[in-house]
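Take a look at the following structure, please.
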Amino acid sequence: MENVIKTGETVSEGGVYYCTNCGQQIELKAGDTVPPCPKCTNNGFTKTDQHENRF
Ligand SMILES: [Zn+2]
């Protein structure tokens, strides 16, 4: 199961998240508020253990 988290939401689990648009990696800690993608300003991220391009 893969959750998409959005900018402004609070992450419940720390780790590396990937922009759903460009694949940019951001590292967040539990309780952090999700920023917009620093690369493309997209507002959606997924947390995956490995980078994959699935659109
Ligand atoms: Zn992006």
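Condition test on VAL4, is it at pLDDT below 95 and in contact with a Ser or Thr (Cβ under 7 Å, 6 or more places away or on another chain)?
It is true that VAL4 is at pLDDT below 95 and in contact with a Ser or Thr (Cβ under 7 Å, 6 or more places away or on another chain).
Residues being closer than 10 Å to LYS47 by Cα and in contact with a Leu (Cβ under 8 Å, 6 or more places away or on another chain): count how many of those fall in the range 17-34.
1
The values are calculated or read from the model by the stated rules, or taken from the named source; none is laboratory data. Worth saying up front: this structure is predicted, and the values here are computed from it rather than measured. Note that we place each Cβ from the backbone using ideal geometry, even for glycine, and neighbour counts take in every protein chain shown.
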